[in-house]
Amino acid sequence: MKRLAIIASRGSANSLVQMATLILAAVGSELVVRVFFRDEAVWKLSKAHAHELNLSEVYRGHESDVAARLAAQGLDDLPRLLGEAREVGDVRLYACSSSMAICGLRPEDLIEGVEVRGLTAFLLEDVASADRVLTF
Amino acid sequence: MELVGGEEPRLDEAAVATVVDCRGLLCAQCILRLMRTMLGVPASGVVKVISSDPAAEHDYPAWCRNTGNRFLGHRHEPDPRWGALMVSFIRKRADQSPS
């Protein structure tokens, strides 16, 4: 099976929802997916922030319209999208341990299905074995 | 019925075993619904997929190439709600039984 490694750094909900739909397309196409959330993106893996619809600055002034369109498409719930991807395919979601420390997050703060992983292991195992690497 | 873009320019609609309704869905949502449905389709069974997403024209052939299923072709149908529908036909790979 082809393998995809994804590095998510941006923490806006719109960017991560786009990434989640890409993951869904990938697992639907029988790709193995490994995702490494780092920097501000780890916030969105926390129970406290996962459901916040924090849109990028470019959407300023259009937040309610964009939020309504995302909801209409069922794309307004990032944990649900990530959970669906894990349910149907070979997907593992990793939170960067050092980014978690910077953000003050503990393992118990994370949403279900997320594992804590170090950058070295991700680079040497997941990136090294991937057919493609994408960044968000 | 006549099809374009796939392996079989003519197909008897009676061969269709399963219909997947992806109207109103976009992008990965269509692929996921198709993938889930295919799990229950017998080997070599023909699936008809109805989509309102214009991206379906290229998504399904690409999905078939990657998964070993066969893209038989598609046709467009006018629709009062969606404007146009893409109706695609896919034959499930012969070596994969329902799960």
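We did not get these values from a lab; they are worked out from the coordinates using the rules stated. Computed from a prediction, not measured in an experiment: that's the story for all the values here. Virtual Cβ from ideal backbone geometry, glycine too; neighbours counted across all protein chains shown.
For the stretch A:1-135, what does the alpha-carbon gyration tensor say about shape, rounded, prolate or oblate, given a ≥ b ≥ c as the root eigenvalues, a/c under 1.5 as rounded, and a/b over b/c as prolate? Because a/c hits 1.5 or more and a/b fails to exceed b/c, the stretch A:1-135 counts as oblate. Which far-off residues, 5 or more places away or on another chain, put their amide H under 5 Å from the one on A:Leu4, with H placed in the peptide plane? Those qualifying (amide H under 5 Å, at least 5 residues apart or on another chain) are A:Val32, A:Val33, A:Arg34, A:Asp131. Charge tally around A:Ser12: other residues with Cβ under 14 Å, Lys/Arg +1 each, Asp/Glu -1 each, net -3.
Across the protein assembly as shown, the convex hull enclosing all Cα atoms gives 129 Å³ per residue. Using a simple spin-label model with pseudo-atoms 7 Å out from Cα toward Cβ, B:Glu77 and A:Arg80 lie 2.8 nm apart. Antiparallel beta bridges, as assigned by DSSP with both residues in the stretch A:1-110, represent about 10 percent of the total such bridges.
Taking 0.36 nm per residue of separation and subtracting the current Cα-Cα distance, fully stretching the chain between A:Ala68 and A:Ser98 would add 7.3 nm.
For the protein assembly as shown, build the charge dipole from Cβ charges (+1 Lys, Arg; -1 Asp, Glu) around the Cα centre, then report which of B:Val87, B:Tyr60, A:Ala48 sits farthest towards its positive end. Projecting each Cα onto the dipole axis, the largest value belongs to B:Tyr60.
Applying a DSSP loop filter and a limit of 15 other Cβ atoms within 10 Å to the GluC sites (Glu not before Pro) in the stretch A:47-102 leaves A:Glu52.
Rounded to the nearest 0.05, the FRET efficiency derived from the C-beta distance between B:Ala55 and A:Glu52 at R0 = 35 Å is 0.75. Net charge of the neighbourhood of A:Ala67, taken over other residues with C-beta under 14 Å away and scored Lys/Arg +1, Asp/Glu -1, is -3.
Compared with the dominant Cα axis of chain A, that is its longest principal axis, helix A:13-28 is turned about 50°. Compute the helix-to-body angle for B:56-67: its Cα long axis versus the longest principal axis of chain B, expressed 0 to 90° and rounded to tens. The two axes meet at around 10 degrees.
The charge dipole of chain A, taken about its Cα centre with unit charges on the Cβ of Lys, Arg, Asp and Glu (plus for the first two, minus for the last two), comes to roughly 260 debye. For the stretch A:14-82, trypsin sites (Lys or Arg not before Pro) are listed when DSSP marks them as loop and at most 14 other Cβ atoms sit within 10 Å of their Cβ; the list is A:Lys47, A:Arg60. Between the C-alpha center of the stretch A:33-74 and that of the stretch A:86-106 there is a gap of 16 Å. Take every pair of alpha-carbon atoms less than 8 Å apart whose residues are at least six positions apart; their mean separation over the length of the stretch A:72-133 yields a relative contact order of 30 percent.
For helix A:78-88, what angle does its Cα long axis make with the longest principal axis of chain A, in degrees from 0 to 90 and rounded to 10? It is inclined by approximately 40 degrees.
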